[in-house]
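**Student:** Dropping the structure in here first, questions after.
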Amino acid sequence: MAEAPYRAYFYPMRLALLSVGENFMPLAWWTPVSKKPFRLLFAMDRENHTLTLLRELGEAALSFLPWEERAWVVRAGYLSGRRVRKAERLGVTLRKTRNLGHTWVPEKALAVYEMRVTEWPLEGDHALFLGDVVHVEGSPRAKERPILFLGFRDYATLGETWRFRP
């Protein structure tokens, strides 16, 4: 069977911060896949240190930060949790999650989805994980100025909103 080359015409994607233990990384490859039970699916590069932690702890939290926090959120992806404590290096205050045993999230998060995760054994350069959401908290402000990933090193936020009224 022929394979198509990778072409990223699906951007922009909402950038989140995936926390596992006290480590965190920016993550754009995620999506909800079920309402009942509430589940999220996400993909992570197999070379990532967070992958080791995720397999070890079996839990994670997906957080959404405001546009104003974008610099450190993106920078976190260029630092390895193997070598540095990211929160200290970036000056980020963390707080314990509500229902997970080992994971911490940024205090400034506008929305947090806490999950118990299982890995899907599929081939590819990214590992797939299904997260059963066990706790949600957030503010309506989480939708106002999201960090949108446009691919490579480009980001944007929303400039206009519109609601359909039938």
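The values are calculated or read from the model by the stated rules, or taken from the named source; none is laboratory data. Quick caveat, the model's predicted, so the values are computed rather than measured. Cβ coordinates were reconstructed from backbone atoms using ideal geometry, including for glycine residues, and neighbour counts include every protein chain displayed. Heavy atoms of the whole protein, side chains included, go into the accessibility calculation; ligands, DNA and RNA do not. Shrake-Rupley method; radii C 1.70, N 1.55, O 1.52, S 1.80 Å.
**Student:** Under 8 Å between Cβ atoms, which residue pairs at least 6 apart in sequence (or on different chains) link something in region 134-149 that is farther than 20 Å from Thr161 by Cα with a partner that is acidic (Asp, Glu) and open to solvent by less than 40 Å² (accessible area, probe 1.4 Å)?
**Tutor:** Between residues of region 134-149 that are farther than 20 Å from Thr161 by Cα and residues that are acidic (Asp, Glu) and open to solvent by less than 40 Å² (accessible area, probe 1.4 Å), the close pairs are Val134/Glu114; His135/Glu114; Val136/Glu114.
**Student:** Failed condition for Ser19, given (1) hydroxyl-bearing (Ser, Thr, Tyr); (2) more than 19 Å from Gly131 (Cα to Cα); (3) part of a strand (DSSP E or B), with all others met?
**Tutor:** (2) is the only condition that Ser19 fails.
**Student:** Sort out which residues of region 45-76 are modelled with pLDDT of 95 or more, among the hydrophobic types (A, V, I, L, M, F, W, C) and in contact with a strand residue (DSSP E or B) (Cβ under 7 Å, 6 or more places away or on another chain), and write them in order of number.
**Tutor:** Leu53, Leu54, Leu57, Ala60, Ala61, Leu62, Phe64, Leu65, Val73, Val74, Ala76
**Student:** Do we find that Glu114 is of a type in the set (Asp, Glu) and either under 23 Å from Gly151 (Cβ atoms) or touching a Cys at 6+ places or on another chain (Cβ under 6 Å) (or both) in this structure?
**Tutor:** Details: of a type in the set (Asp, Glu): yes; either under 23 Å from Gly151 (Cβ atoms) or touching a Cys at 6+ places or on another chain (Cβ under 6 Å) (or both): no.
So Glu114 fails the test.
**Student:** Let me ask another. Could you run through region 29-58 and say how many residues are touching a residue at least 24 places away in the same chain (Cβ under 8 Å), surrounded by fewer than 21 Cβ atoms within 10 Å (Cβ to Cβ) and in a strand (DSSP E or B)?
**Tutor:** So the count comes out to 8.
**Student:** Look at region 59-83 and say how many of its residues are over 22 Å from Leu150 (Cα atoms) and either within 15 Å of the chain's Cα centre (by Cα) or open to solvent by 50 Å² or more (accessible area, probe 1.4 Å) (or both).
**Tutor:** 5
**Student:** Restricting to region 141-157, and then to whatever is among the small types (Gly, Ala, Ser) and assigned to a strand (DSSP E or B), can you tell me which residue is least open to solvent (accessible area, probe 1.4 Å)?
**Tutor:** Gly151
**Student:** Does region 96-103 include one or more residues that are touching a Gly at 6+ places or on another chain (Cβ under 8 Å) and closer than 22 Å to Asp132 by Cα? Write out each step before concluding.
**Tutor:** Of region 96-103, the ones touching a Gly at 6+ places or on another chain (Cβ under 8 Å) are 102-103.
Now narrow it down to the ones that are closer than 22 Å to Asp132 by Cα: 102-103.
Among the residues of region 96-103, at least one is touching a Gly at 6+ places or on another chain (Cβ under 8 Å) and closer than 22 Å to Asp132 by Cα, which makes the answer yes.
**Student:** Across region 84-134, which residue is surrounded by the fewest Cβ atoms within 10 Å (Cβ to Cβ) among those that are in a loop (DSSP other than H, G, I, E, B) and hydroxyl-bearing (Ser, Thr, Tyr)? Outline the logic, then answer.
**Tutor:** Applying the first criterion (in a loop (DSSP other than H, G, I, E, B)) to region 84-134 yields 84-85, 91-93, 97-103, 107-110, 121-125.
Then drop every residue that is not hydroxyl-bearing (Ser, Thr, Tyr), which leaves 93, 97, 103.
On the way: Thr93: 9, Thr97: 22, Thr103: 24.
That would be Thr93.
**Student:** Follow-up question, since we're still on this one. Kindly provide the set of residues from region 9-28 that are under 22 Å from Glu144 (Cα atoms), at pLDDT below 95 and surrounded by fewer than 17 Cβ atoms within 10 Å (Cβ to Cβ), ordered by number.
**Tutor:** Of everything in region 9-28, those that are under 22 Å from Glu144 (Cα atoms), at pLDDT below 95 and surrounded by fewer than 17 Cβ atoms within 10 Å (Cβ to Cβ) turn out to be Phe10, Tyr11.
**Student:** Just to be sure I understand the filter: pairs with C-beta atoms under 6 Å, separated by 6 or more residues or on different chains, first member in region 75-89 and in contact (Cβ under 8 Å) with a residue 24 or more places away in the chain, second member open to solvent by less than 100 Å² (accessible area, probe 1.4 Å) and part of a loop (DSSP other than H, G, I, E, B). Which pairs pass?
**Tutor:** Lys86/Leu79
**Student:** Gly138 passes all but one of (1) within 19 Å of His49 (Cα to Cα); (2) open to solvent by less than 80 Å² (accessible area, probe 1.4 Å); which number fails?
**Tutor:** (1)
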